[in-house]
């Protein structure tokens, strides 16, 4: 048992970690202390290293990246190729390289923050917004906060609806609306975990589930090939190419959670290793299912590739694996939202009743939107073309360039980057602008189409009939 003086010294050592560039002196022993509910250490080291108790290594972090990005993206890739033609394969390769490089710059931006503002070397709840604030001020922080919340909420809603739809295909006696409620109640307790490092097993389970589902779908597609002896490959139009463009952009979304994952690493400077491992695996997963689905089914491939293969036991297993993946990814995606609201509401960073209330309210809001608009795909396309593109293609390069170009005025060592890297970063921004604006415009056109009215579970509940019949009733009254 430590004496009061020893406890005080441990506390002062912890404070030194967040107040000075290098905490402690060589030879100091690690001490695990808690400051404001955050477990940190007084381990000496430069910016970007140490200060985490049982922090994530780069391999575990790569699992989280894969789980974050492959939740639903691979299901729509064959359709994305059908919309964009074989040129979509080039886009997949290009976007993998561009988003991956932008992700490494986002990680370097965070290390720059730790070098210049030592107080950020402790675990923080809103690292993406912290980068935006240091780069573009309070306005940048607020804008990024809105984009992050909208994007991750969109993911949570999409995951819930996809799980409900697939569960309904397995158990047709239970409606999609009822499944939405069941799923929300089931997954809510898992969101109470503190941060990604507390549920790293979920990332491994998500990656394994995704890999198995992809293998099963590819094998089933090959077995179905005789049923599609002469697939057609229509020439893409400008509109279809834009939709394919946005779908591939969506498949490589996920940057909104990257700084949160990096913040839980023992050595934040190793983030680039996690990115290389993760994006290599993602490319190996994406290309085979995208090319196989489009090659065998042609332009008749459905939006969800699982719906395009022959039903049977293997497909049921694939659906189960996808559901497991989505459940795990749901928890990962919702965590940054939870931490952001807890930061705003000054909730202590430990398990307590306030955390339970806040995180339950977040799940309830997601459930409410799912019940109000169970056909959320078109609205999600709007977020995918705007907020996801902004967080993956626009903000990372721009924030990194802004931080590099900031003048130190004696406070810190100024950074310089090669001209070719600067050109590449601006090219990434250009690709994001073109894809984001185009996909957003067509998503708005789709939403404003009168035929795109969604179905409401609340109407179904009030009338006591299935949601499809409820939609028919509302359409009848709208026409009279």
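The values are calculated or read from the model by the stated rules, or taken from the named source; none is laboratory data. For clarity, every value in this text was computed on a predicted model and none was experimentally measured. Here the Cβ positions follow ideal geometry from the backbone for every residue, glycine too, while neighbour counts run over all protein chains shown.
Among the residues of the range 368-388, is there at least one that is in contact with a strand residue (DSSP E or B) (Cβ under 6 Å, 6 or more places away or on another chain) and in the same structural domain as residue 257 (by TED's automatic domain parsing)? Within the range 368-388 (the criterion being in contact with a strand residue (DSSP E or B) (Cβ under 6 Å, 6 or more places away or on another chain) and in the same structural domain as residue 257 (by TED's automatic domain parsing)), the answer is no, since none of the residues qualifies.
Just checking, does the range 315-334 include any residue being surrounded by 21 or more Cβ atoms within 10 Å (Cβ to Cβ) and more than 22 Å from the chain's Cα centre (by Cα)? No, the range 315-334 contains no residue that is surrounded by 21 or more Cβ atoms within 10 Å (Cβ to Cβ) and more than 22 Å from the chain's Cα centre (by Cα). Look at residue 431 and say whether it is modelled with pLDDT of 85 or more and under 25 Å from the mean Cα position of the chain (by Cα). So residue 431 passes the test. Residue 204 satisfies every condition listed in (1) within 30 Å of residue 297 (Cα to Cα); (2) modelled with pLDDT under 85; (3) surrounded by fewer than 23 Cβ atoms within 10 Å (Cβ to Cβ) except (1).
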